[in-house]
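Note sheet for the following structure.
The values are calculated or read from the model by the stated rules, or taken from the named source; none is laboratory data. No experiment lies behind these values; they were computed from the predicted model shown. Glycine also receives a Cβ, built like all others from the backbone with ideal geometry; neighbour counts cover every protein chain displayed.
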Amino acid sequence: MLVRLIGLAWRNLWRNPQRTWLTVSAIAFAVFFLVFGRSVQTGSFDTMIDNGARILPGHLQVQHVKYSDDPRVDYTINAAPALEYFASRDEIEYVSARTQGFALASMGARSFGAQIIGVEADTERHWSRIASMVSLGRYLQGRGEAVVGARLARNLGLQVGDELIILGTAKEGGIAASSVTLVGIFSTAQTQLDRSLVQIHIDDFREAWMLGNNEAHAVVVMASNVTRSEVEASLASTQLESVAVLAWQDLMPQAQQMRDMKAVSTQLIFYVIVIVVGFSVVTTFMMIVFERTQELGVLIAIGMKPGLLQVQLQLEALFLAMLGVAIGFIVAVLLIVWLEETGIPLPVEADEIFARYNMDPRIYPSFDWPALQMSSVLMFVGVQLAALIPGLRIQRLQPVEAIRQQA
Amino acid sequence: MNIKLLYQLSVRNIFRHKRRNIMLFAAIAVAVAGVSSMNTLIRGFQADMLDSAVSNLTGHLKVYAPGYRDDPSIERSFRLEDGFQPDIPADKLLGWAPRIRVPAVIMSERETRGVQLVGVNPEAESISFLADVPIDGEGLSATQDDRILVGAELARQLETKVGRRLVIITQGADGLNRERGFRIAGIYDAQGTGLEKIYVFTGLARLQQMLDSDAITEISVRLKEEPQKASVKQLLIETFANMEVMDWQELEPQVAAMYLFADGAIYIWFILMMSALTFGLVNTLVATVMERVKELGMLRALGMRNRMVISQVVLESTIIMSVGVVVGLLGGYLIYLSMSDGIDLSSFSAGVEMVGMSTHLQPVLLVDDFVLVASMSLGLGFLASVYPAWRAVKIKPLDAMRH
């Protein structure tokens with residue numbers, strides 16, 4: 001019986017191919033919108049987070065518990081055990097120690113406040129975007145060298161080869177002083193960094209700020225698929241005490257929140273589209289029932305149970321939803337696969353804005369499975385409901401009147 | 001052509017399928033309500049972005065000495081005559097403020113930070129965020145006030161509080177560094193935004209004394225209405241012949257571009273919603289034509305012209321659309337009213353700051369947007385009726401009678 005109903009439902013669908021295709025298109029459009037839209041968003045956020053991590057914070061940092069709230073020079077950790085631990089793990093791309101502090105950067109009579117970061121240049125040069133964004137000169141190679149942001153260089157009147165004096169407050173209130181040679185100038189499109197960041201060799205920093213050989217303010221890890229809880233759990237068993245593990249979500253809260261905010265607004269729009277499409281599908285089924293009033297009357301008159309006719313209608317709805325979801329999904333996948341290669345170019349005028357949000361001039365979508373799950377479930381349920389409402393008329397159909405009705 | 005007859009025909013056709021058309025009205029209404037209420041949020045976002053950009057010491061227009069933007073120091077400054085008043089009509093000007101803004105280093109007993117030291121005339125600062133933020137302690141009282149106002153976040157980092165002293169180092173007019181102690185008059189709370197870490201305020205006259213200068217580095221002008229900035233900018237260029245006069249779009253190009261993007265977003269949402277709707281609309285219109293093949297064939301046989309047939313389908317579509325749009329706009333307005341207290345985005349505070357917004361999103365209703373949505377929807381209703389009308393015209397009287 002069910003097999004016959006399925007056959008009937010499928011054939012009924014193609015009695016009016018135009019209407020079927022229009023309805024399927026509406027469903028496909030909604031699915032396509034959500035799957036494609038979310039994939040583009042996921043792709044752009046992945047880039048944003050990766051680029052953001054590469055500009056300075058990395059994917060994960062281990063710090064003194066109090067440091068992130070109150071970045072004092074005194075809150076250091078012993079970097080050795082953490083470095084050792086991360087070096088032993090295969091999925092870690094890079095790991096290195098960092099020291100950071102605030103100081104006065106002077107050239108001749110001019111002075112500006114600056115954020116001084118001591119880095120292990122040999123490691124950071126491989127992943128840091130500061131290193132790849134050096135526009136004049138080169139990145140750090142050894143001791144006694146510094147790279148600074150373009151705006152700071154301009155404000156200080158610094159040129160590659162000049163001597164830069166750094167004066168700050170060392171550990172336990174001493175004076176931190178260092179003289180370094182400028183070897184490179186970077187421009188990141190992020191005003192804040194270009195205006196205030198100076199990178200020097202970590203050992204120069206330790207010497208000036210009177211820190212020990214293994215002392216650091218952060219151990220910076222590049223590894224996109226290691227979670228905080230995992231690291232926390234395994235670090236707990238080492239001798240490291242009172243350290244905090246910060247993942248990119250903590251290091252770049254704004255990126256995480258922007259992602260959540262966008263997701264909420266996309267979902268809102270999707271719900272409205274689902275409702276709009278839902279109403280359209282209801283009208284489709286109203287038309288179907290209306291057109292077939294006569295034939296439905298005949299079927300009931302010769303003994304067909306109204307319940308079975310309802311089942312047949314729901315089967316039609318199922319086919320519509322299946323076709324719609326499949327087409328929407330296939331079109332979205334084809335487009336995503338193609339764009340994963342080529343990327344979506346963004347308007348050139350917007351380059352600067354996107355650079356500010358750590359985005360590339362092209363967006364590479366990355367497939368978002370939850371969006372497909374959510375949109376197909378909603379569509380299947382919605383279309384079933386849409387078929388149910390006009391189907392109620394079948395239950396109340398009087399065969400004699402129905403047969404008499406002009407279609 | 002008999003318009004009244006056409007209208008009657010269309011309305012009766014719509015009433016023939018009451019329930020089906022109610023569904024269609026509902027679909028249109030939901031789409032229109034969705035788009036129009038989304039618009040009020042986007043406009044709110046824009047207004048907020050503009051407001052933050054303009055009140056963050058930028059103003060609608062700014063006057064700088066040449067070269068200051070590349071090299072922000074007191075050496076790139078200019079003098080105002082005593083009792084200077086900018087030559088701007090009073091009905092356009094909200095206020096103007098002269099300032100010195102120079103980079104400086106600020107130190108407490110424990111910590112050191114880099115900041116922008118801003119010398120202000122407190123009475124003139126009603127145009128900037130300084131007038132709106134809550135202050136713990138006291139605000140600055142006069143341009144001679146020798147105390148400072150610092151942001152809450154900076155105060156926290158420096159581990160200091162109201163009444164304590166901080167040392168500020170900055171470069172004087174002769175290029176040499178000055179170092180001086182300042183007492184904290186008050187701590188301002190700019191809702192945790194980045195402003196708190198950047199700006200430290202003191203009296204303008206006092207800062208001039210410290211820097212050995214009688215000049216200022218900028219004038220910020222706030223207007224009553226944003227669109228007036230073009231004409232006022234021209235006035236300022238004439239007054240300050242050798243200076244750089246810039247509007248907020250030039251000063252904050254990123255905000256200006258985001259602002260334009262938001263304009264575009266309004267059209268994108270409209271196209272998305274309406275595309276979803278069009279399938280159902282065309283579907284129903286084609287059905288109403290096809291259900292009436294016999295009747296239309298009869299009318300054609302009796303001499304009804306193509307033009308009449310087309311007009312009738314178009315009119316039907318337009319009426320359906322109009323009803324849906326009216327209900328939808330009403331719905332959009334109700335949603336707007338329900339959001340009139342604003343939406344709290346504080347759980348996304350860092351994210352919204354990144355895009356230049358505050359944590360409180362206040363929707364803004366522009367009548368123009370409602371008119372735009374309505375007219376675009378009606379245009380779409382017209383377009384959607386083209387294919388069904390064409391189908392209706394294609395009906396041959398003979399075939400139809402045989403149907």
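A:Met48 versus (1) at pLDDT below 85; (2) surrounded by fewer than 18 Cβ atoms within 10 Å (Cβ to Cβ): which is the lone unmet condition?
Every listed condition holds for A:Met48 apart from (2).
Out of everything in segment B:80-96 that is touching a Lys or Arg at 6+ places or on another chain (Cβ under 8 Å) and within 16 Å of B:Ser220 (Cα to Cα), what residue ends up being surrounded by the most Cβ atoms within 10 Å (Cβ to Cβ)?
The extreme case among them is B:Trp96.
Given the criterion away from chain A (no Cβ under 11 Å), modelled with pLDDT under 90 and assigned to a helix (DSSP H, G or I), identify the matching residue among B:Gln46, B:Gln85.
B:Gln46
For segment A:144-167, how many residues are assigned to a strand (DSSP E or B) and either outside the structural domain of A:Ile77 (by TED's automatic domain parsing) or surrounded by 21 or more Cβ atoms within 10 Å (Cβ to Cβ) (or both)?
7
Using the structure shown, decide if B:Leu94 is in a helix (DSSP H, G or I) and either in contact with a strand residue (DSSP E or B) (Cβ under 8 Å, 6 or more places away or on another chain) or more than 14 Å from chain A (Cβ to nearest Cβ) (or both).
It is false that B:Leu94 is in a helix (DSSP H, G or I) and either in contact with a strand residue (DSSP E or B) (Cβ under 8 Å, 6 or more places away or on another chain) or more than 14 Å from chain A (Cβ to nearest Cβ) (or both).
Conditions tested, residue by residue: (1) in contact (Cβ under 8 Å) with a residue 12 or more places away in the chain; (2) within 19 Å of A:Pro365 (Cβ to Cβ); (3) over 15 Å from the mean Cα position of the chain (by Cα).
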{"residue": "A:Ser25", "(1), (2), (3)": "yes, no, yes"}
{"residue": "A:Ala28", "(1), (2), (3)": "yes, yes, yes"}
{"residue": "A:Val31", "(1), (2), (3)": "yes, yes, yes"}
{"residue": "A:Ser39", "(1), (2), (3)": "yes, yes, no"}
{"residue": "A:Ser44", "(1), (2), (3)": "yes, yes, no"}
{"residue": "A:Met48", "(1), (2), (3)": "yes, yes, no"}
{"residue": "A:Gly52", "(1), (2), (3)": "yes, yes, no"}
{"residue": "A:Glu84", "(1), (2), (3)": "no, no, yes"}
{"residue": "A:Asp90", "(1), (2), (3)": "no, no, yes"}
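Going by what's in this entry, would A:Gly108 be described as over 29 Å from A:Ala247 (Cα atoms) and within 11 Å of chain B (Cβ to nearest Cβ)?
Yes: the conditions hold for A:Gly108.
Identify all residues within segment B:225-256 that are closer than 17 Å to B:Asp51 by Cβ and touching a helix residue (DSSP H, G or I) at 6+ places or on another chain (Cβ under 9 Å); write none if there are none.
The answer is B:Glu226, B:Lys229, B:Asp247, B:Trp248, B:Gln249, B:Leu251, B:Glu252, B:Gln254, B:Val255, B:Ala256.
When residues of segment A:241-255 are filtered for being without any contact (Cβ under 8 Å) to a residue 60 or more places away in the chain and facing another protein chain (nearest Cβ under 9 Å), how many remain?
Adding up the residues that qualify gives 2.
Taking helices (runs of 4 or more DSSP H) that fall entirely within segment B:289-403, which contain at least 3 residues that are more than 30 Å from B:Asp189 (Cβ to Cβ) and within 14 Å of another protein chain (Cβ to nearest Cβ)?
By residue number, B:293-301, B:306-338, B:367-384, B:386-394.
Criterion first (modelled with pLDDT of 85 or more and either in a loop (DSSP other than H, G, I, E, B) or within 14 Å of chain A (Cβ to nearest Cβ) (or both)) does B:Val282 satisfy it?
Yes, satisfied.
Do you know which residues across segment A:168-212 are under 15 Å from A:Arg154 (Cβ atoms), assigned to a helix (DSSP H, G or I) and not polar (S, T, N, Q)?
A:Leu193, A:Asp194, A:Arg195
Regarding segment A:298-318, can at least one residue be identified that is of a type outside the set (Lys, Arg), in a helix (DSSP H, G or I), within 14 Å of another protein chain (Cβ to nearest Cβ) and in contact with a helix residue (DSSP H, G or I) (Cβ under 8 Å, 6 or more places away or on another chain)?
No, segment A:298-318 contains no residue that is of a type outside the set (Lys, Arg), in a helix (DSSP H, G or I), within 14 Å of another protein chain (Cβ to nearest Cβ) and in contact with a helix residue (DSSP H, G or I) (Cβ under 8 Å, 6 or more places away or on another chain).
Tell me which of these B:Leu235 doesn't satisfy, since it passes every other one: (1) more than 16 Å from the chain's Cα centre (by Cα); (2) within 14 Å of chain A (Cβ to nearest Cβ).
(2)
Please state which one of B:Ser275, B:Ser231 is outside the structural domain of B:Gly44 (by TED's automatic domain parsing) and small (Gly, Ala, Ser).
When all the criteria are applied, what remains is B:Ser231.
What do you reckon, is B:Ile127 more than 13 Å from chain A (Cβ to nearest Cβ) and surrounded by 20 or more Cβ atoms within 10 Å (Cβ to Cβ)?
It is true that B:Ile127 is more than 13 Å from chain A (Cβ to nearest Cβ) and surrounded by 20 or more Cβ atoms within 10 Å (Cβ to Cβ).
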